[in-house]
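Take a look at the structure set out below.
The values are calculated or read from the model by the stated rules, or taken from the named source; none is laboratory data. As the structure is a computational prediction, the values presented were derived from the model and not from experiment. Note that each Cβ is placed from the backbone with ideal geometry, even for glycine, and that neighbours are counted across all protein chains shown. Surface accessibility is based on the protein's heavy atoms, side chains included, excluding ligands, DNA and RNA. Shrake-Rupley method; radii C 1.70, N 1.55, O 1.52, S 1.80 Å.
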Amino acid sequence: MTCRPGRIMAHAHSSRIQEFIGDPVSDSPELDRGKLEEIFQDIQADIRFDHELNGCLNCGICTATCPAAHYYDFSPREIVQLLWTENLEGIYDAMQEKIWACAQCYTCAARCPFDNSPGGLIMLMREAAIKHGMESAKNVLRPFSRVMLKLISTGNQLSPDMITADSFPDWGPNISKVDAPLKILRQAIPIPTLNTTATAWEVNLTTSVELYTIWEETGVLDQLETIDENLFDVILDIMDEKREDLEDWEDEQD
Ligand code: SF4
Ligand code: SF4
């Protein structure tokens, strides 16, 4: 199958009877067709979509080389086929769980004879899941709220004080190494911006405030509000505080 199907068509995947009565033997609530189309249009409208989906032979090379496919009920070939055939119900269904299995290693993109990027397409689906406030996105991101707080408020993803024995039990006997006197060890590094444990490196006020502008302008904060309102409020408070600190600092310089 190499020619691109037309753009999405209303009611292309359900009979007229199904539209009125749904599936009488299914326990699942009937999905709102307009919502499915809206989600797919968001995925399709992204500028990366046309670069990452060029056709699909259904050859399965991507799945054969995909590490996630070895461990989960997940196949990049299946995801690409859903997008290529514009199977709106299937796309929605995959967004409930399967898309979160991808490790974003892009082995699939390096192997695909059509120059598709299944990993890139999955990223677009994840972004759409966040935008539409899907439960799957909330569940996947919930354990990372501390990392998101650190990343958005400081630009650092992981700081030395977050590496504790309790947080990384899977490190086995090597975990004892993180019980070292981190503050003293960090002070010994001959680069002043690294003499901190609360961030991976010190981020100055101007940089932090510039980062906040980027998060706002690119819609990252809007996405965060959809996923975790409490975290969004905390981050807004931090941003206000740092913006005031910067203003005070600039006044002092004048
Ligand atoms: S490798 Fe490319 S053409 Fe083959 S199934 Fe995967 S996406 Fe389709
Ligand atoms: S990017 Fe995702 S889908 Fe592609 S090979 Fe890696 S884990 Fe599999």
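Structure notes:
- Criterion: farther than 27 Å from residue 47 by Cα, modelled with pLDDT under 85 and of a type in the set (Lys, Arg) - qualifying residue of 150, 177, 183: 177
- Count of residues meeting criterion [within 19 Å of residue 147 (Cα to Cα) and surrounded by 15 or more Cβ atoms within 10 Å (Cβ to Cβ)] in region 202-219: 7
- Look at region 57-79: where a residue is of a type in the set (Lys, Arg) and a partner is more than 6 Å from ligand 1 (Cβ to nearest atom), sitting 6+ places away or on another chain with Cβ atoms under 6 Å, you get 77/63.
- Within region 184-216, tally of residues that are in a helix (DSSP H, G or I), farther than 16 Å from residue 247 by Cα and of a type in the set (Val, Ile, Thr): 3
- A Cβ distance below 9 Å, combined with a sequence gap of six or more or placement on separate chains, defines the contacts here; from region 26-52, residues that are in a helix (DSSP H, G or I) reach residues that are open to solvent by 90 Å² or more (accessible area, probe 1.4 Å) and modelled with pLDDT of 90 or more in the pairs 39/131; 42/131; 51/115; 52/115.
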